[in-house]
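Trainee: Pasting a structure here, questions to come.
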Amino acid sequence: MTKSADAAVADQPVPALRDFGGGPFGIYIHVPFCATRCGYCDFNTYTAGELGTSASPQSWFEALRGELATAAERFAAFPTATPAVETIFVGGGTPSLLGGDGLADVMRAVRDNFTLAAGAEVTTESNPESTSPEFFDKLLAGGFTRISLGMQSAAQHVLKILDRTHTPGRAVAAAKEARAAGFEHVNLDLIYGTPGETDVDLDASLDAVLSAGVDHVSAYSLIVEDGTALARRVRRGELPAPDDDVLAARYERIDARLDAAGLSWYEVSNWAANDDARCRHNLGYWDGGDWLGAGPGAHSHIGGVRWWNVKHPARYADRVALGGLPAAGWENLSAAEQYTERVMLTARLRTGLPIRDLDAGGRAAAERVVADGLAELRNERLILTDRGRLLADAVVRTLLT
């Protein structure tokens, strides 16, 4: 059942909730601000020019505090106590535009309303250009434990096509500054398959990543999303669309280099130096945990109920001021929907999908997937082979057929 919350503020998702689902509980904070818009990005983000005077970081922060307080109050009415927060992830947008002090304020707002578990993982995304040694010092003092930096590529011409504003060497420098400040866990994001990228460019990016001494790498194939500037350039014939064969070869190249350097895959697009280096917040998503998403457009999931906030920062602030949660809509996930999501997400993990979680049709499909060499059965779990990772989406479709 899906319901819209636009008609009345009183139509909120929380009355549909009965309890937390028993998995880890995390909080995602969405910062919707960017200095410029990257050509490939379709996230819910806004530049200052796009917002005008309708919203600001200060109005966003005041609304965020209100949403967190309201959520904590609603959760307190559950039959069982709100679990301690195991992970926090501040994403965007460009959270680093808030500065070290602004991000520390975000953490204080979370602590004012929720209890953090001992050893909680606290991550923020950052654009390398809006970081500095002082910035990382303030984050560490403010309770952050993990940094994720958007590098994308070490090749200037690739960054230009993506409309990225940082210089090629800045991401590595920022990663080293974060490590020097005392952050044990630092991630660099890569995008591969950009039009004009060569194998030499990719190798240079991997050389740069490995020189930074990070313990986590995320690598995503370029997806041309409808409505983006990049999509318009591809449609006009100015740039070629990414080639699937090239993307597969690039993925294999990335995996081989990272594996040789001691970074092993634990999810199709993520590699870590050890278990402690894995992103626990994202694992919460993939393993079916519960999370509160706060901020414009953020999605939440508690006990099989999912809701999503209104997108525009000004409208988000207005809805928070009216009381209740700023939900645009919500849905109770049916057993079939929960099963689909479980297969879609868990199948991508190196730990694999437990065979017992599959229905009869899924178990028959799993046998076909194994026969095709796309997965193997190990300890009653279906685990993707190297070839299966390249075709992970097709494997999932087969399992759900």
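Trainee: Just the projected area, averaged over all directions, of the convex hull on the alpha carbon atoms of the stretch 140-292: how many nm²?
Mentor: Mean projected area for the stretch 140-292: 10.3 nm², to one decimal.
Trainee: First compute the accessible area of the chain with a 1.4 Å probe, then give the percent of it belonging to carbon and sulfur atoms.
Mentor: 51 percent
Trainee: Oh, and also: Give the aspartates and glutamates whose C-alpha is closer than 13 Å to that of residue 311, dropping any in the same chain fewer than 8 places away, or say none.
Mentor: Here the aspartates and glutamates satisfying the reach criterion relative to residue 311 are 6, 42.
Trainee: Now a separate question. Working out 0.36 nm times the residue gap between residue 43 and residue 350, then minus their Cα-Cα distance, what length gain in nm do you get to one decimal?
Mentor: 107.8 nm
Trainee: Please check which bits of the stretch 375-401 a label hung off residue 360 would reach, taking the label as a point 7 Å along Cα-to-C-beta and the cut-off as backbone N under 17 Å.
Mentor: Residues 400-401 qualify, since their backbone N sits under 17 Å from the label point.
Trainee: Right, here's the next one. For the modelled label position 7 Å from the Cα of residue 341 along Cα-to-Cβ, which residues of the stretch 287-318 have backbone nitrogen atoms closer than 16 Å?
Mentor: It comes to 287-294, 298-309, nothing else.
Trainee: Restricting everything to alpha-carbon atoms, can you work out Rg to Rh for the stretch 300-401 with a Kirkwood hydrodynamic radius?
Mentor: 1.18
Trainee: Around residue 23, with a cut-off of 11 angstrom between Cβ atoms, what is the net charge of the other residues, counting Lys and Arg +1 and Asp and Glu -1?
Mentor: Charge balance in the 11 Å sphere: -3.
Trainee: On to the next question. Quick one: pull the percentage of alpha-carbon pairs in the stretch 102-171 with a separation above 13 Å.
Mentor: Above the 13 Å cut-off, the stretch 102-171 has 69 percent of its Cα pairs.
Trainee: Separate question: Around residue 187, what is the net charge, scoring Lys/Arg as +1 and Asp/Glu as -1 over all other residues with Cβ under 14 Å from its Cβ?
Mentor: Local charge sum for residue 187: -2.
Trainee: Efficiency by 1/(1 + (r/R0)^6): what FRET value for residue 377 and residue 53, r their Cβ-Cβ distance, R0 = 45 Å, to the nearest 0.05?
Mentor: Once rounded, the FRET efficiency stands at 0.15.
Trainee: Another question, then. Can you list the cysteines of the chain that have no other Cys Cβ under 4.7 Å away?
Mentor: 34, 279
Trainee: I've got another one for you. Can you compute 3J(HN,Hα) from phi for each residue in the stretch 190-206, using the Karplus curve 6.51 cos²θ - 1.76 cosθ + 1.60 with θ = phi - 60°, rounded to whole Hz and x for Gly and Pro?
Mentor: Running phi through 6.51 cos²θ - 1.76 cosθ + 1.60 with θ = phi - 60° gives 10, 10, 10, x, 5, x, x, 6, 10, 4, 4, 4, 5, 4, 5, 5, 5 Hz.
Trainee: Just to confirm, what accessible area per residue do you get for the stretch 238-312 at 1.4 Å probe, in whole Å²?
Mentor: Accessible area per residue: 39 Å².
Trainee: Okay, next question. Taking 0.36 nm per residue of sequence separation and subtracting the Cα-Cα distance, how much length would be gained by fully extending the chain between residue 105 and residue 241, in nm to one decimal?
Mentor: Using 0.36 nm per residue and subtracting the Cα-Cα distance, I get 44.8 nm.
Trainee: Using θ = phi - 60° and the Karplus form 6.51 cos²θ - 1.76 cosθ + 1.60, what ³J(HN,Hα) does each residue of the stretch 316-333 get, whole Hz, x for Gly and Pro?
Mentor: 4, 4, 4, 5, 4, 5, 7, x, x, 8, x, 7, 8, x, 7, 8, 8, 6
Trainee: Oh, and also: Ratio of alpha-carbon Rg to the 2.2 N^0.38 Å globular estimate for the stretch 294-343, to two decimals, please.
Mentor: Scaled against compact globular proteins, the figure is 1.31.
Trainee: Taking every pair of alpha-carbon atoms in the chain, give the share separated by more than 36 Å as a whole percent.
Mentor: Value for the chain: 25 percent of Cα pairs lie more than 36 Å apart.
The values are calculated or read from the model by the stated rules, or taken from the named source; none is laboratory data. What you see is a predicted model; the values in this text were computed from it and never measured. Note that we place each Cβ from the backbone using ideal geometry, even for glycine, and neighbour counts take in every protein chain shown. These accessible areas exclude ligands, DNA and RNA; they are computed on the full protein's heavy atoms, side chains included. Shrake-Rupley method; radii C 1.70, N 1.55, O 1.52, S 1.80 Å.
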